[in-house]
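The values are calculated or read from the model by the stated rules, or taken from the named source; none is laboratory data. In this text, all values refer to a predicted model and were calculated from it rather than measured experimentally. Virtual Cβ from ideal backbone geometry, glycine too; neighbours counted across all protein chains shown.
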Amino acid sequence: MTKYLFALFFILFGNTRNLFKYWKAEIIRRDRFSIHRLLREKKTRERRYLFWWRLANEMFINGGKFTKRAARKINTKLLNEYGCDLGLGLTVGKGLTIFHHTGIIVTSTAIIGENLTIRQNTTIGRKQSDDDRGVLTIGDNVDIGAHTFILGSDFAIGDNVKIGAMSFVMDDIPSGCTYITKKETRLIAV
């Protein structure tokens, strides 16, 4: 219950400039901000997740010690309800679209541009052996297919990229490309 009081306090008195920009683009989907429309539109499952995750993420980035603790509790509740783990502190531009939240994991060290579309069972993460200073950068207007693994750091995915389902990405992808991983099928006689 206290996490919601901290959330309300943050909305009223915290640094919410970016939060309202994200809510306007992802929840309200209109140029003009409206509290009535925000509360009405967040009733859908997809938008409700984005409403609460954006709030928790902004609380984590801009809040103090107790606000960050409340943000972690909100994020844990979202993980339990949706099965989607977007790391707190993640930098992602407005226009985030998530289809089927189940199994999505995104590291908090990634820097992601605007209009990212991501689908179920996708991991954007780091290898355990990666340097802590390394950053994975994903550009604007990137569409990631289901069951995709983007793993590592110190590489970039450009703007306007489509990544096919069941792809495995560990290297740079230039802008304007469609990326698929070639899959081999082998039959073994018994």
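Inside segment 43-56, can you point out the residues that are surrounded by 18 or more Cβ atoms within 10 Å (Cβ to Cβ) and either of a type in the set (Gly, Ala, Ser) or outside any helix (DSSP H, G or I) (or both)?
Listed by number, the list holds a single entry, ALA56.
Of all residues in segment 17-29, how many are out of contact with any helix residue (DSSP H, G or I) (no Cβ under 7 Å at 6 or more places or on another chain), surrounded by 11 or more Cβ atoms within 10 Å (Cβ to Cβ) and not small (Gly, Ala, Ser)?
4
What is the one condition in (1) within 25 Å of MET59 (Cα to Cα); (2) touching a strand residue (DSSP E or B) at 6+ places or on another chain (Cβ under 7 Å); (3) polar (S, T, N, Q) that GLN120 does not satisfy?
If we test GLN120 against (1) within 25 Å of MET59 (Cα to Cα); (2) touching a strand residue (DSSP E or B) at 6+ places or on another chain (Cβ under 7 Å); (3) polar (S, T, N, Q), just (1) comes out false.
Only one of these is within 20 Å of the chain's Cα centre (by Cα), at pLDDT 95 or above and not assigned by TED's automatic domain parsing to the domain that holds LEU136: PHE60, PHE51. Name it.
Testing whether each residue is within 20 Å of the chain's Cα centre (by Cα), at pLDDT 95 or above and not assigned by TED's automatic domain parsing to the domain that holds LEU136 leaves just PHE60.
Across segment 57-68, which residue is surrounded by the most Cβ atoms within 10 Å (Cβ to Cβ) among those that are assigned to a helix (DSSP H, G or I) and touching a residue at least 40 places away in the same chain (Cβ under 8 Å)?
Ranking the qualifying residues of segment 57-68, first place goes to MET59.
Taking segment 135-164, which residues are of a type in the set (S, T, N, Q) and either modelled with pLDDT under 95 or crowded, with 16+ Cβ neighbours inside 10 Å (or both)?
THR137, ASN141, THR148, SER153
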